[in-house]
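Visitor: Here's a structure for you.
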């Protein structure tokens, strides 16, 4: 798991979100997964960029976000006792605590997706 698209694919798997196509947005250099919620609408999903997508994913997966002086961590315990957790230092996100938390949450969700069959 080295790139954003890999993380998003695994996080979507953890959430049960079907991704029908991927679009690369050259403006902010991010991937957006397109999923069809109905026949009339296509929704673009990217919890690394959209705080709403990230918060909904955090709640759905039961990820616990914990704040520290220099970093934030996101952890989740699975039913079998398996642990999925990741941390992000604020400094790696230019001091932006929101961006750091979103990346930690996505990385924890990706670990959950990775453990799924």
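The values are calculated or read from the model by the stated rules, or taken from the named source; none is laboratory data. Here the structure is a predicted model, which means the values were calculated and not measured. Please note: Cβ atoms are built from the backbone with ideal geometry, for glycine as well, and neighbour counts cover all protein chains shown.
Visitor: Is there any pair with a first residue in region 44-61 that is farther than 14 Å from residue 16 by Cα and a second that is assigned to a loop (DSSP other than H, G, I, E, B) and at pLDDT below 90 whose Cβ atoms are under 7 Å apart and which are 6 or more apart or on different chains, and what are they?
Guide: 49/28
Visitor: So, one more: Only residues that are touching a helix residue (DSSP H, G or I) at 6+ places or on another chain (Cβ under 9 Å), closer than 15 Å to residue 12 by Cβ and either at pLDDT below 75 or loosely packed, with under 12 Cβ neighbours inside 10 Å (or both): list them for region 34-75, please.
Guide: 35
Visitor: Which residues, taken from region 47-79, are over 13 Å from the mean Cα position of the chain (by Cα), assigned to a loop (DSSP other than H, G, I, E, B) and closer than 17 Å to residue 92 by Cβ?
Guide: Passing the criteria: 68, 69, 70.
Visitor: Moving to a separate point now. Within region 4-33, work out how many residues are in contact with a helix residue (DSSP H, G or I) (Cβ under 9 Å, 6 or more places away or on another chain), loosely packed, with under 15 Cβ neighbours inside 10 Å and modelled with pLDDT under 75.
Guide: Of the residues in region 4-33, 2 are in contact with a helix residue (DSSP H, G or I) (Cβ under 9 Å, 6 or more places away or on another chain), loosely packed, with under 15 Cβ neighbours inside 10 Å and modelled with pLDDT under 75.
Visitor: Restricting to region 76-117, give me the number of residues that are more than 17 Å from residue 12 (Cα to Cα), in contact with a strand residue (DSSP E or B) (Cβ under 7 Å, 6 or more places away or on another chain) and modelled with pLDDT of 90 or more.
Guide: Total meeting the criteria: 6.
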